[in-house]
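First comes the structure, then the notes that go with it.
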Amino acid sequence: MVQLTAPTIEILKNLATINQTLLLPENSEVLYTRSVKKNTYAEVVIPERFPRRGNGSEICIYDLNQFLSVVDQFDKPTLDFDASEAYMVINEGTGGLSVKYHYGDEELAYKPDPRKKIELPSTEVEFKLTEATYKSVNSMARTLGTPYLALESDGETLRLVTSDPANTSTNTVSLDIGESPTDAVFSFVWKFDYLKLIAGTYQVAVSKKGLSRFKHESLPVTYHVLIEANSSKYEG
């Protein structure tokens, strides 16, 4: 049996915003997921360990949102994997109410190729993105309806700017966040919809070759997010 901890449940809720299907690898502390459009990748570490199914396949949750809605109705959700090779039993671990929850097909879930580890091909810019900074910019962007976020520098000042390339008359947000770490002139653009970040402060690294990394400062959570190649530029 495995009892899910509150921090793990919060992490799973975040992963559900990226992809509704999740593989629980056998006896592994690391979970991976990827958005359907392959724009966002997440890697997280949790304390729980999961067994392999009786038929030899790994456990897959097909609808993670539904699964978490079930889990939320227990004070101490416990997963019993011994009842059947086709399903787990969710309960309090002490009897009472229980739910028989069937596994999904593991072929439907993202499973990274161990030979192709996701890494930045280069690192042109690194900076700290605080929780307060991102929250304020994201909130204002939603108010104004601007769907894109850019990290920009004129070679001196680093700033976050929101925009809507499809509508140049849209109101925008600009926030200076410090001195530029380089004298290069650049603009790296993300779509807000792909930034499925759990709350917190991040160390961010960006490659001009189209990929960025967001590493949480206090949680074992890392995201790799594609930047919008057609809208980004780097002159260094």
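Derivation of every value follows stated rules applied to the coordinates shown; laboratory data play no part. These figures come from a predicted structure and were not determined experimentally. In this analysis, Cβ positions are derived from the backbone assuming ideal geometry, glycine residues included, and neighbour counts consider all displayed protein chains.
A few comments on the model shown:
- Unit Cα scatterers, Debye sum, segment 125-235: log10 I(q)/I(0) for q = 0.12 Å⁻¹: -0.37
- Near-label residues of segment 87-121 by backbone N, under 18 Å of a point 7 Å along Cα→Cβ of Tyr62: 87-90, 99-111
- Within the chain, longest stretch free of exposed trypsin sites (Lys or Arg not before Pro) [DSSP loop, at most 16 other beta carbons within 10 Å]: 118-208
- Residue of Ser139, Ser174, Ser212 that the Gaussian network model of the chain assigns the largest fluctuation, springs spanning Cα pairs under 10 Å: Ser139
- Order of Ser232, Ser169 - criterion: other Cβ atoms within 10 Å of each residue's Cβ, fewest first: Ser169, Ser232
- Amide H partners (placed H, <5 Å) of Leu158, local residues excluded: Ile177, Gly178, Glu179, Ser180
- Residue by residue, segment 10-27 carries 3J(HN,Hα) couplings of 5, 5, 4, 4, 5, 4, 5, 6, 8, 7, 6, 10, 9, 8, 10, x, 4, 6 Hz when phi is fed to the Karplus relation 6.51 cos²θ - 1.76 cosθ + 1.60 (θ = phi - 60°); x denotes Gly or Pro.
- If the chain linking Glu26 and Thr182 were pulled fully straight, counting 0.36 nm for each residue of separation and taking away their Cα-Cα distance, it would gain 51.8 nm.
- Sparse-neighbour loop sites [GluC sites (Glu not before Pro); segment 140-236; at most 14 other C-beta within 10 Å; DSSP]: Glu156, Glu217
- For segment 216-221, 3J(HN,Hα) per residue [Karplus equation, 6.51 cos²θ - 1.76 cosθ + 1.60, θ = phi - 60°, Hz, x = Gly/Pro]: 5, 6, 10, 10, x, 10
- Cα-based shape type of the chain, given that a ≥ b ≥ c are square roots of the gyration tensor eigenvalues and the cut on a/c is 1.5: prolate
- Contact order normalised by residue count of the chain, Cα under 8 Å, 6+ apart, percent: 18 percent
- J(HN,Hα) series, segment 226-236, from Karplus relation 6.51 cos²θ - 1.76 cosθ + 1.60, nearest Hz, glycine and proline x: 5, 8, 6, 4, 6, 9, 9, 8, 8, 10, x
- With R₀ set to 41 Å, the beta-carbon distance separating Thr94 from Lys209 gives a calculated FRET efficiency near 0.20.
- CD proxy at 222 nm, helix term only [per DSSP H run n ≥ 4: -39500 (n - 2.57); per residue of the chain; nearest 500]: -4000 deg cm²/dmol
- Charge tally in the Cβ shell below 10 Å around Leu158, where Lys, Arg are +1 and Asp, Glu are -1, Leu158 excluded: -4
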